[in-house]
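**Student:** Dropping a structure here in structure tokens format, bear with me for questions.
The values are calculated or read from the model by the stated rules, or taken from the named source; none is laboratory data. Everything numeric in this text was worked out from a predicted model, so none of it was measured. Here the Cβ positions follow ideal geometry from the backbone for every residue, glycine too, while neighbour counts run over all protein chains shown. Just the protein is used for accessible areas: all its heavy atoms, side chains included, with ligands, DNA and RNA removed. Shrake-Rupley method; radii C 1.70, N 1.55, O 1.52, S 1.80 Å.
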Amino acid sequence: MEAIVSLVGRNSKVFRRDKTSVFFSLLSVIIVIVLYALFLQKMQVDSIKQVTEATPQMITMVNEWLIAGLLSMIAVTTTLASFGLAIKDIETKASADFLTAPVSRAAIQMGYVLNAFIIGSVFSFIALIGCEIYIVATGGAWLSFTSLLKVVGILLLSVLLASLFNVVIVMMVHTLNAFSTLSTIVGTLLGFLCGVYVPIGALPSFAQNIIMYFPISHTTLLLRNAFMESSLADVFAGAPAEAEEQYKLMYGVTYKLHDNVLSLSTSYIIIAVTIAVLAVLSITLFHRREKRLG
């Protein structure tokens, strides 16, 4: 355990020194913010205006919709960026140097995974604080204590899922060039798979199904429900009941898969099962790689 703690400390320091890596881990999030400022917010507000009156609460609701997507993306991009250190250590032979010390390969691997989880959690909580300040500054209200606890719990679940997801895909690359390409692909696809670049309801059925089968998108859905519960009730208070349901389906606040509306409990189950499967898969892949390395 002491060796793992030391490795986590070392990995964290090296990651924080690499400012470029930190920046690129947030690049996809920056792109989303720019797109939101340019047209995503206006597009959503114009759509809602067709069924109910424009109010400050509406802007708050739309902002909360974006924030939920950003937080789920940050969990993935920051944990993925932290695994770049593992690839760098392989290329520079630093990982081989570790093996000269009385440290097992399993401990080295666990050091990278725990470091990814810690970094993802720290960035997610910093982003949450910044987003809450923004919501209040633009006329919204602070999350209630109960809602805040729910959001924090979902964020930790999101980071854990992202860490295991990324450790599996990172095991498939062995060079920094390949890792850079992988990071670009993941960062680009995330905006679509989390329903941020394009509302899920605007996509064809097969694309909607892909998003709903993508486990990380369920963390976005859970965050949206946690953030938007109060604002949804305010915005659609005087609108027909079907108007709120149509909005939820259009903007990924509710998932409807094969004509069945998925409950939030189903999303939690999907995330929990995926975490278990990825944990087993990562251990299996790790042992196979160990056998190859001898």
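**Student:** Test each condition in (1) open to solvent by less than 60 Å² (accessible area, probe 1.4 Å); (2) hydroxyl-bearing (S, T, Y); (3) closer than 20 Å to R224 by Cα for T146 and report the one that comes out false.
**Tutor:** The number of the failed condition is (1).
**Student:** Quick check, is L164 buried (at least 18 other Cβ atoms within 10 Å of the Cβ) and in a helix (DSSP H, G or I)?
**Tutor:** On the way: buried (at least 18 other Cβ atoms within 10 Å of the Cβ): yes; in a helix (DSSP H, G or I): yes.
So L164 fits the description; yes.
**Student:** Also, quick follow-up: Picking from V151, V173, which residue would you name as being in a helix (DSSP H, G or I), of a type in the set (A, V, I, L, M, F, W, C) and either more than 25 Å from A207 (Cα to Cα) or touching a residue at least 60 places away in the same chain (Cβ under 8 Å) (or both)? Full working, then the answer.
**Tutor:** On the way: V173 fails: in a helix (DSSP H, G or I).
After applying the criteria, what remains is V151.
**Student:** Right, here's the next one. Tell me, which residue of the stretch 105-143 that is without any contact (Cβ under 8 Å) to a residue 24 or more places away in the chain and of a type in the set (G, A, S) is surrounded by the fewest Cβ atoms within 10 Å (Cβ to Cβ)? It would help to see each step written out before you state the result.
**Tutor:** From the stretch 105-143, those without any contact (Cβ under 8 Å) to a residue 24 or more places away in the chain are 122, 126, 129-130, 132-133, 136-137, 142; that's our starting set.
Remaining after also requiring of a type in the set (G, A, S): 130, 137.
Details: G130: 12, A137: 8.
Top of the filtered list is A137.
**Student:** Taking only pairs six or more apart or across chains, which ones have beta-carbon atoms under 6 Å, a first residue in the stretch 239-264 that is charged (D, E, K, R), and a second residue that is surrounded by 14 or more Cβ atoms within 10 Å (Cβ to Cβ)?
**Tutor:** Qualifying pairs under 6 Å: E244/F236; K248/T254; K256/L249.
**Student:** Moving on. Consider G195 carefully, then state whether it is at pLDDT below 90 and either surrounded by 22 or more Cβ atoms within 10 Å (Cβ to Cβ) or assigned to a loop (DSSP other than H, G, I, E, B) (or both). Before you say what the answer is, go through the steps one by one.
**Tutor:** Numbers: at pLDDT below 90: yes; either surrounded by 22 or more Cβ atoms within 10 Å (Cβ to Cβ) or assigned to a loop (DSSP other than H, G, I, E, B) (or both): yes.
When the stated conditions are applied, G195 passes them.
**Student:** Shifting gears a bit: Consider S72 carefully, then state whether it is open to solvent by 20 Å² or more (accessible area, probe 1.4 Å), part of a helix (DSSP H, G or I) and under 20 Å from G191 (Cβ atoms).
**Tutor:** Values: open to solvent by 20 Å² or more (accessible area, probe 1.4 Å): no; part of a helix (DSSP H, G or I): yes; under 20 Å from G191 (Cβ atoms): yes.
No, not satisfied.
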